[in-house]
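First the structure, then my questions, so here it is.
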Amino acid sequence: MAEIKITGYADQISVKQGDTISFMTSVEGTASVQADFVRLIHGDEHPDGPGFIEREMACDANKKYRVKKQYVQTGSFLTIEDNNQILDLSGSFTLYAFIFPTAPHLHRQGILMRWSIQDQKGYALGINDEGKLEFWTGNGKKTDKVYAEAPLSHLMWYFVAVSYDRATGEAVLFQEPVVNSYNSLLSPMLPLDYACHVREKLRVEPVGGDIPFLIAGSNDYNEGRGPFVSQVYNGKIDRCGIQDRALSRDELAQICNGEKPFQDSLITHWDTTIGYTDQGIGDEVMDTGPHQLHGQGINRPIRCMTGYNWNGKDDSFRIAPEQYGGVHFHDDALIDCKWEPMLTTTIPDSFKSGCYALRVRAGDAEDHIPFVVRAAKPKAKIAMLMPTASYLAYANERLAFEFHTAQSITAHTPVLTKYDVELYKKDDYGLSTYDYFNDGMGCCYSSYRRPIFNLRPKHRTAPIAIPWGFPADLSIVGWLEHSEYDFEVITDEDLHRDGLAAIEPYNVIINGAHPEYYSEKMLDAVESYLATGGRLMYIGGNGYYWVTSFRDDEPWCMEVRKGESGSRAWQARPGEYYHATSGERGGLWKNRGRPPQKLTGVGFTSEGMDKSMPYLRMPDSYHKNASWIFDGISDEEPIGDFGLALGGAAGIETDRYELMLGTPPHTKILASSEMFSDYWMHVQEEILYNYPGLRGSEDYQIRADMIYFTTRNNGAVFCSGSIAFGHALPYNNFDNNISTLMANVVNAFEKDGELPGMQYIAKEKHWE
């Protein structure tokens, strides 16, 4: 009997009652599944906690569904809509492009192609299995080719072209490096000859027919999945086009030198520098030729990339757009699986705001496809803000397999499940922003329109075998449910789209454990919320860290570019720090003048995953302005010397108070951790020069600070300074001092009017 495998995703991550949502699944080993809606209460199966908790929801859509295996089109490329078959070239022609191959020896790759792999007909300019530039033709029965003698080198700019004379059958291959001191891996001073010019007479004329023209890929076909695109190119393509005659070597040299293509014989010229605005650029590549055969990007080819003529003087397309013609393609990129829906339904009014999933079962196989229901009309005073941008950043991460420092950071051998192994073997569900593409470049896009293995309620991240992201935040949700608070749930997507309006109705916003990725709209909304009397509970660590952006019309896809500092798995290449999505500079918010301390009072200081520690109360915790936070907790007991995340409430990733980075001067340090091991290191963005003494046992800055401060109009901020804090709430069935402390803050923050101890806010000598 075949093993049953179920994977799926929803087309939305946040919906209201009355909204329509679709669920896409791919199932192997069975023709039908049982689907039921469940409310997710708690996700961590740790034996010291309450275990996995879900609540089945009555819904007309709960029933059996027919299912099938569905396929994924991976790889980024451009499609050309050519309804009039302009590119079914019947005479002589020339194909040309500037290219920057990043993995020329990986496999056969297409550059400019009107080629059918199944039918073996058409014409194509691409890279063969040996990494050499090649032009090939086919008539459906026979093929012929001409290829360069010198292989292409990776990370080097070339001008490549083929001139084909149909009358004589002669094809001339033109390969010329266009290397300057900035644009390529190696310097032009080296005595390396990358040029190649080959002339061959081909015996097979290209026969076209109804074959789509593609840039960076080739048309393929499989009986099971139908038509798809393979031979996807890895690398950048800059300005490219087609002429309706065979250009001479001298004429090609003119285009190579940056002159405009010949207008009298122009069929297409895809100008990759057109379309830039201050807000970035879209996926469409404009054709300036007479037929306007614009290219549409699939799986979001990366724009705002340096081109062949980048001179290193400017680092932004906004200053020198003519130097940013590079469009980077990858054979394993994925933005949207575009599966057929198994189920489309309307969210019933009976689904009050919270975390939900469509649970899909067949035999022993099961999958939960999560989503959030936000209130159609907010009524509660408490909102849980799920950091969905961070979920996307880590979506399908492969850190346990491919991040070479994972074990040294975590001090753990990875604990792999069958889902981890399945994900690693199955490379067609896309990458996280912590992964590298097949060509070694960092992945800057992530989307939820694909199956995400670690966006599941029971998932445990392999490097440290604890919940991370969504399943970790269900510990906070579980605490709210157990404590019987009236609360609602919203997401980063809602915050980015609606701004202040998304959170303004609530007295208190509770952040998830790791809100690391934030857009400018999100930061502005939280700042405005606090300035107008809102109250924030940031019970996590490493928050408000990376610049993140979304397109308004595609909220399911985020962009992040890792800059020159920060704890990063990869770094963008020089000149490529600006986002195509929004036009803004990527990297750390700290490096753009908005360190998290200015907003929340604490900011990222260290990470370590060997053992979590307790907090010790600090003198500020006894001030009458803040002592109420510790009601019900004795002076002697450590705070959080337990937890489901490595045995303590202070750990995983931690934040600290720092006046020089913007912590409000009246902030109270309530509690702090100490004595982390030497697996903990100070974050590198705060280090100007490496020196001994930066380890956990040596550096006083490696700690977790629990802080509290007030803002205008009776607003306030409470921060735990630790990711592990939320993991401690469910310990001993939610009966513990972290839970007590949390309840004290929530109870105070949700009430209208003045906060406890406000009469002592300006009197620093009032101590208990």
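Here, each number is a calculation from the coordinates, and none is a lab measurement. The structure presented is a predicted model; accordingly, all values stated were derived computationally and were not measured. Glycine also receives a Cβ, built like all others from the backbone with ideal geometry; neighbour counts cover every protein chain displayed.
How many nm is it between the label spots at GLU554 and ALA195, if each spot is 7 Å from the Cα in line with the beta carbon?
In this crude label model, GLU554 to ALA195 measures out at 4.0 nm.
Follow-up question, since we're still on this one. Defining a contact as two alpha carbons under 8 Å apart and six or more residues distant in sequence, what relative contact order in percent does the chain show?
Reported relative contact order: 13 percent.
I would also like to ask the following. To the nearest Å, what is the center-to-center distance of region 259-332 and region 44-66, using C-alpha atoms only?
The two parts, judged by their Cα centres, are 48 Å apart.
List MET441, MET113, MET305 from most exposed to least, where exposure is judged by having the fewest other Cβ atoms within 10 Å. Numbers along the way, then the final one.
Details: MET441 21, MET113 28, MET305 24.
Final ranking by Cβ density, sparse to dense: MET441, MET305, MET113.
At a Förster distance of 41 Å, what's the computed FRET efficiency of SER187 paired with PHE228, Cβ-Cβ distance as r, to 0.05? The partial results should precede the final answer.
Numbers: r = 40 Å, r/R0 = 0.98.
FRET efficiency, SER187 to PHE228: 0.55.
Sticking with this structure for a sec: Sketch the reach of a paramagnetic label on ILE687 as a point 7 Å from Cα along Cα-to-Cβ, and name the residues of region 387-404 whose backbone nitrogen lies under 18 Å away.
404
In addition: If r is the Cβ-Cβ distance from THR417 to TYR71 and R0 is 30 Å, what FRET efficiency results, to the nearest 0.05?
Details: r = 25 Å, r/R0 = 0.82.
Computed FRET efficiency for THR417 and TYR71 comes out at 0.75.
Could you put SER76, SER90, SER672, SER677 in order, starting from the residue whose Cβ has the fewest other Cβ atoms within 10 Å? Before the final figure, lay out the partial values.
Working: SER76 28, SER90 11, SER672 23, SER677 14.
Result, fewest neighbours first: SER90, SER677, SER672, SER76.
Apply the Karplus parameterisation 6.51 cos²θ - 1.76 cosθ + 1.60, with θ equal to phi minus 60°, to every residue of region 333-345 and state each ³J(HN,Hα) to the nearest whole Hz, in sequence, with x for glycine and proline.
My calculation for region 333-345 gives 6, 8, 10, 8, 5, 6, 6, 6, x, 7, 8, 10, 8 Hz in order.
Let me spell out the model: positive unit charges on the Cβ of Lys and Arg, negative unit charges on the Cβ of Asp and Glu, origin at the Cα centre of the chain. What dipole size does that give, in debye rounded to 20? Before the final figure, lay out each step's value.
On the way: 71 positive and 104 negative charges, 111 e Å.
Approximately 540 debye in magnitude.
Among residues other than SER677 whose Cβ falls under 15 Å from its Cβ, what is the net charge (Lys/Arg +1, Asp/Glu -1)? Please list the in-between numbers first.
Working: positive: LYS611, ARG695, ARG703; negative: GLU607, ASP610, GLU653, GLU674, ASP678, GLU698, ASP699.
Its environment carries a net charge of -4.
Using only the alpha-carbon atoms, what does region 1-159 span along each of its principal axes? Please give whole angstrom values in decreasing order.
68, 41, 40
Quick check: the distance between the Cα centres of region 729-760 and region 354-369, to the nearest angstrom?
What the calculation gives is 34 Å, centre to centre.
Additional query: For GLY540, list long-range residues whose amide hydrogen, built 1.01 Å from N in the peptide plane, is under 5 Å from its own amide hydrogen.
SER720, GLY721, SER722
Average the reciprocal distances over every distinct pair of alpha-carbons in the chain, invert the result, and give the Kirkwood radius in Å.
Taking the inverse mean of 1/r over all distinct Cα pairs, the chain comes out at 27.9 Å.
Convert each backbone phi in region 442-454 into a coupling constant with the Karplus relation 6.51 cos²θ - 1.76 cosθ + 1.60 (shift: θ = phi - 60°), then list the ³J(HN,Hα) values in order as whole Hz, x for Gly and Pro.
In residue order, the calculated couplings are x, 8, 9, 10, 8, 9, 9, 8, 6, x, 10, 5, 8 Hz.
While we're on this one: What size of dipole, in debye to the nearest 20, comes out for region 585-738 about its Cα centre when the only charges are +1 on Lys and Arg C-beta atoms and -1 on Asp and Glu C-beta atoms? Don't skip to the end; give the middle numbers.
Working: 13 positive and 19 negative charges, 177 e Å.
That gives region 585-738 a dipole magnitude of about 860 debye.
Quick one: Karplus J couplings for region 496-513, per residue in order, coefficients 6.51, -1.76, 1.60, θ = phi - 60°, nearest Hz, x for Gly and Pro?
Result, ordered by residue: 5, 6, 9, x, 4, 4, 5, 10, 4, x, 9, 6, 9, 10, 10, 6, x, 6 Hz.
So what's the back-of-envelope 222 nm ellipticity for the chain, counting only DSSP H runs of four-plus at -39500 (n - 2.57) apiece and dividing by all residues, rounded to 500?
Details: 13 runs with 94 residues, N = 768.
Theoretical 222 nm ellipticity from helices: -3000 deg cm²/dmol.
Toward the positive end of the charge dipole of the chain, about the Cα centre and with charges on Cβ (Lys, Arg +1; Asp, Glu -1), which of HIS623, GLY499, GLY126 goes farthest?
GLY126
Using amide H atoms built in the peptide plane, which far-off residues or other-chain residues are under 5 Å from ALA671 H to H?
The list, which skips near neighbours in sequence, is MET618, MET706.
Around TRP570, what is the net charge, scoring Lys/Arg as +1 and Asp/Glu as -1 over all other residues with Cβ under 9 Å from its Cβ?
Overall, the nearby charge balance is +1.
Subtract the Cα-Cα distance of GLU45 and PHE401 from 0.36 nm times their separation in residues, and report this length gain in nm to one decimal. Could you put the intermediate results ahead of the total?
Working: separation 356, 0.36 × 356 = 128.16 nm, distance 2.35 nm.
That works out to 125.8 nm of additional length.
Further, regarding this structure: Can you list the trypsin sites (Lys or Arg not before Pro) in region 122-163 that are in a DSSP coil and have 11 or fewer other beta carbons within 10 angstrom? Before the final figure, lay out each step's value.
Numbers: sites: LYS132, LYS141, LYS142, LYS145; in loops: LYS132, LYS141, LYS142.
Those satisfying the criteria are LYS141.
What are the residues whose amide H is under 5 Å from the amide H of MET342, where those residues sit 5 or more places off or on another chain and H is modelled from the backbone?
The list, which skips near neighbours in sequence, is PHE23, MET24, THR25.
Still on this structure, I have one more. Defining a contact as two alpha carbons under 8 Å apart and six or more residues distant in sequence, what relative contact order in percent does region 77-329 show? Could the numbers behind the result be given before it?
Details: 681 pairs, mean separation 60.1, N = 253.
Computed over region 77-329, the figure is 24 percent.
Where nothing but the Cβ of Lys and Arg (+1) and of Asp and Glu (-1) is charged, how large is the charge dipole of region 382-760 around its Cα centre, in debye to the nearest 20?
Dipole size: approximately 520 debye.
Using r as the Cβ-Cβ distance of GLU340 and ILE4, and R0 as 22 Å, what FRET efficiency do you calculate, to the nearest 0.05? Mind showing how you got there, number by number?
Details: r = 19 Å, r/R0 = 0.88.
Rounded to the nearest 0.05, the efficiency is 0.70.
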